Structures are given as structure tokens and as C-alpha cells.
Amino acid sequence: MAALNSLQTLTRYKRWADALMIGDVAAAPPGEALRERPTRWQNMVRTLNHVHVVDDLFRCHLLGKSHGYTYRNTDITPPLEELRHAMLALDDWYVDYANALSAKAQAELVPFQFLDGGSGAMTRGDMLLHVVNHATYHRGLVSDMLYQAGCVPSTNDLPVFLAG
């Protein structure tokens, strides 16, 4: 039961940290959120969009639904405000999903196809853990881009969330 409670806490943490990060990106000086940088996803907004796409991929895996993605990002990056709405709505879905997940379902193995066509399988709990961890990794990259833009991002570490 402790692992299940941790997943519930971690999905709430992800939503909180994503909201802070999106707010920080929105508050960056004009042009900085979309300024191209030498990083995998080119800029802050596109990096956050990648997080959203992967979150959606794993939501589809958890639901056993087709997702239609062929790449870990979209061809066209949505405006930040549109992305904010989509990301936080999906974060809410993950919070609700974790809250409704039973211990038995958490351990259930879910098969899926990687985008390159390879087969994979993870437990539902491990999928939730991946979604949280993946977003944390990329928020760190966006934080670095914010520092490059002369901004100081909000502290969005788990201990700060837990203390709040």
C-alpha cells in the first residue's frame, strides 16, 4: 500500500511542479521561451510539449488505446497557453488515475509498442513512475534554459512540494 500512496503523491507532485514550470516559462522575457538553443527539443516550449506527448502516450498505454503518435513530439508546437491547459488537464487525469488505482492493478503488466515498433511491457505502477520521472528530467532541462535566459526558476523539488 505504501507504493500506491507514493504514486498518488508523485502524480500530485508532478502536477504542482509542471504548473510552476509552465508559469516560469510564461514569465520569461519576450522571445526566450521559443529561443532556439543547442538542446534536443530546441526550446523551452517544445521541450514541455515533448513531456506532454510522452504523458499522452503512456495514458493511451494505460487505457489500452491507440495513440496515433509516430514521434515523441508533434510537428507543430502549440502556443504555451494551449499547452498549459493540455498539460495540466492530463496531469489531473494522472492524479485521478493514481487515486483510483488498486494495489492489484498497480502490479498489472501492460504490453505496448514503442514508437520504433519494438514491443515493451511495464506494470501500471512503473508507467506512472516513468511519467513522473521523465517530466522531472525535462523540467531540469527547461530550468537550465531559464537560467540561460537570465531567469531564476521556481524551486520545484519534491521536498518543497511535501513541505507545502
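Here are some notes:
- Looking across region 76-105, the residues that are of a type in the set (Ser, Thr, Tyr) and within 18 Å of Val53 (Cα to Cα) come down to Thr77, Tyr94, Tyr97.
- The residues listed here are Tyr71, Tyr13; of these, the one that is at pLDDT below 95 and either touching a strand residue (DSSP E or B) at 6+ places or on another chain (Cβ under 7 Å) or of a type in the set (Phe, Trp, Tyr) (or both) is Tyr71.
- Beta carbons closer than 6 Å, at least 6 apart along the sequence or on distinct chains, pair a first residue in region 110-123 that is of a type in the set (Gly, Ala, Ser) and modelled with pLDDT of 95 or more with a second that is surrounded by 10 or more Cβ atoms within 10 Å (Cβ to Cβ) and assigned to a strand (DSSP E or B) for Gly120/Phe112; Ala121/Pro111.
- Options Ala33, Ala89, Ala3, Ala17: the member that is surrounded by 17 or more Cβ atoms within 10 Å (Cβ to Cβ) and assigned to a helix (DSSP H, G or I): Ala17
- Flag for Val132 being in a helix (DSSP H, G or I), without any contact (Cβ under 8 Å) to a residue 12 or more places away in the chain and under 21 Å from Ala17 (Cα atoms): no
- For Asp96, the requirement of being exposed (fewer than 14 other Cβ atoms within 10 Å of the Cβ) and touching a residue at least 40 places away in the same chain (Cβ under 8 Å) is not met.
The values are calculated or read from the model by the stated rules, or taken from the named source; none is laboratory data. Please read these numbers as outputs of a predicted model, since none were measured by experiment. Every residue, glycine among them, receives a Cβ derived from its backbone with ideal geometry; neighbour counts consider all protein chains shown.
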